[in-house]
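Before any comments, here is the structure.
The values are calculated or read from the model by the stated rules, or taken from the named source; none is laboratory data. For clarity, every value in this text was computed on a predicted model and none was experimentally measured. Glycine also receives a Cβ, built like all others from the backbone with ideal geometry; neighbour counts cover every protein chain displayed. Each accessible area value is taken on the protein alone, full model and side chains, heavy atoms only, with ligands, DNA and RNA left out. Shrake-Rupley method; radii C 1.70, N 1.55, O 1.52, S 1.80 Å.
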Amino acid sequence: LGLYLGDGMLSACPRRVWKLRVVLDLRYPGIIDRCRSSIAAVRGRIPGTIRRSGCVEVCSYWQHWPCLFPQHGRGPKHLRPIVLSGWQDELIRRYPGDFLAGMIHSDGCRTLNRVKGHAYPRYHFSNRSPDIRALFSDT
């Protein structure tokens with residue numbers, strides 16, 4: 001869900017099938033693998049990949065993607081309301097670390113802040129949607 005809110009989208013295809021697309025940077029194969037395994041766990045099939053310049057599109061076709069991502073809609077996410085359904089909210093409460101990891105992997109970064117010989121992790125997050133920023137900070 002976190003990756004979808006940042007770098008994912010749904011596209012309508014013929015016969016009421018939807019294509020879930022998550023575009024990720026090729027420099028982070030671990031994030032790509034985690035995205036693929038998450039989609040496979042939900043969908044029951046290994047998603048495809050399309051290599052682009054500097055990135056990869058992880059994609060999966062299924063009629064039920066809009067059921068799992070009711071946030072889907074026309075236009076950019078920052079121009080429409082992003083509201084979680086009750087079951088999504090419950091999943092985030094149960095697995096906040098996974099949700100935040102997906103959000104940081106899509107619209108954030110992790111750096112090390114070095115102070116007097118000690119390294120402290122520092123996380124940054126940026127998204128144009130006030131609703132998505134609120135989900136991040138509330139979680």
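Within region 80-92, if we keep just the residues that are without any contact (Cβ under 8 Å) to a residue 12 or more places away in the chain and not small (Gly, Ala, Ser), the residue that is most open to solvent (accessible area, probe 1.4 Å) turns out to be TRP87. For region 7-19, residues that are more than 24 Å from PHE136 (Cα to Cα) and either out of contact with any strand residue (DSSP E or B) (no Cβ under 9 Å at 6 or more places or on another chain) or surrounded by 13 or more Cβ atoms within 10 Å (Cβ to Cβ) (or both) total 7.
Here TYR95, TYR61, TYR4, TYR28 are screened, and the one residue that is over 29 Å from SER137 (Cβ atoms) and either touching a residue at least 60 places away in the same chain (Cβ under 8 Å) or among the aromatic types (Phe, Trp, Tyr) (or both) is TYR61. The criterion of at least 2 residues that are farther than 17 Å from TYR28 by Cβ and of a type outside the set (Lys, Arg) is met, among strands (runs of 3 or more DSSP E) falling completely within region 47-139, by 55-62, 108-115, 118-125.
Inside region 20-41, residues that are open to solvent by 80 Å² or more (accessible area, probe 1.4 Å), in contact with a helix residue (DSSP H, G or I) (Cβ under 9 Å, 6 or more places away or on another chain) and within 20 Å of LEU68 (Cβ to Cβ) make up a count of 1.
Being closer than 13 Å to LEU5 by Cβ and open to solvent by 60 Å² or more (accessible area, probe 1.4 Å) is the requirement here; does PRO70 meet it? Spelling it out, PRO70 is indeed closer than 13 Å to LEU5 by Cβ and open to solvent by 60 Å² or more (accessible area, probe 1.4 Å). For region 109-129, a residue qualifies if it is within 14 Å of the chain's Cα centre (by Cα) and free of Cβ contacts under 8 Å to residues at least 24 places away in the same chain, and the qualifying residues are CYS109, PHE125, SER126.
Scanning region 80-92 for residues that are more than 12 Å from THR139 (Cβ to Cβ) and touching a Ser or Thr at 6+ places or on another chain (Cβ under 8 Å) yields one hit, ILE82.
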